[in-house]
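Presented below is the structure to which this report refers.
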Amino acid sequence: MELQLQPDGDPTGRVGLGEVDLALAVTELPVPADGVTWTPLLDDPFDVVLPVGHPLGAEAEVALTDLAEIPWVTHEGPLGTCSRRVLEACSAAGFTPQYRVECNDVDTAMGLVAAGLGIGVMPRLGLVHPHPEAEDTGSAG
């Protein structure tokens, strides 16, 4: 057995050509392709991540509009698949997030949130090992 990571692009074509037997893909809508069967595995909700002691940390749920005037940290720079969903939700709520820092992984983003550089809205699966100085408040909505 061989495991290959394909960080960019859609692996569907390689499955359809028989180059690989299985691909795990992060996608909103599967792309139909000959010889490919799609099976959804899970949905990953997004949570608000705040520095410890942030006033919104005491809330059971945080409305997305409560984050409109606060600087943000993204875990996905340049902005990609996950961030696009967040941007769409913010746009529907009537604002564009004010990204102060863009980095390309959740652990670094949580550290930047803990340092007080902004808040984050990140997929829950990435928050398995929270930073001790950042709190996951649960779903943003």
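From the list Ala89, Ala93, Ala109, which residue is of a type outside the set (Val, Ile, Thr), touching a strand residue (DSSP E or B) at 6+ places or on another chain (Cβ under 6 Å) and within 21 Å of Val62 (Cβ to Cβ)? Quick ask: steps written out before the conclusion?
Details: Ala89 fails: touching a strand residue (DSSP E or B) at 6+ places or on another chain (Cβ under 6 Å); Ala93 fails: touching a strand residue (DSSP E or B) at 6+ places or on another chain (Cβ under 6 Å).
From the options Ala89, Ala93, Ala109, the qualifying one is Ala109.
Being of a type in the set (Gly, Ala, Ser), under 17 Å from the mean Cα position of the chain (by Cα) and closer than 30 Å to Gly18 by Cβ narrows it down to one residue among Gly80, Gly120; which is it? Spell out how you get there, then give the answer.
Working: Gly120 fails: closer than 30 Å to Gly18 by Cβ.
Selected residue: Gly80, the only one of Gly80, Gly120 that is of a type in the set (Gly, Ala, Ser), under 17 Å from the mean Cα position of the chain (by Cα) and closer than 30 Å to Gly18 by Cβ.
Checking the condition open to solvent by less than 50 Å² (accessible area, probe 1.4 Å) and not basic (Lys, Arg), which residue from Leu56, Leu87, Leu42, Leu79 passes?
Working: Leu87 fails: open to solvent by less than 50 Å² (accessible area, probe 1.4 Å); Leu42 fails: open to solvent by less than 50 Å² (accessible area, probe 1.4 Å); Leu79 fails: open to solvent by less than 50 Å² (accessible area, probe 1.4 Å).
Criteria check complete, one pass: Leu56.
So which residues in region 117-129 are closer than 21 Å to Glu59 by Cβ and surrounded by fewer than 16 Cβ atoms within 10 Å (Cβ to Cβ), if there are any at all?
Arg124
The conditions are (1) over 22 Å from Gly116 (Cβ atoms); (2) open to solvent by 60 Å² or more (accessible area, probe 1.4 Å); (3) not hydrophobic (A, V, I, L, M, F, W, C), and Gln98 fails exactly one of them. Which is it?
For Gln98, the exception is condition (1).
Sort through Leu50, Leu29 and tell me the only one that's surrounded by fewer than 16 Cβ atoms within 10 Å (Cβ to Cβ) and either of a type in the set (A, V, I, L, M) or assigned to a strand (DSSP E or B) (or both). Full working, then the answer.
On the way: Leu50 fails: surrounded by fewer than 16 Cβ atoms within 10 Å (Cβ to Cβ).
None of the other options fit; the residue is Leu29.
The values are calculated or read from the model by the stated rules, or taken from the named source; none is laboratory data. Remember, it's a predicted structure, so these values are computed and weren't measured experimentally. When we count neighbours, we look across all protein chains shown, and the Cβ atoms used for this are built from the backbone with ideal geometry, even at glycine. When the accessible area is computed, the model is the full protein with side chains, heavy atoms only, and any ligands, DNA or RNA have been set aside. Shrake-Rupley method; radii C 1.70, N 1.55, O 1.52, S 1.80 Å.
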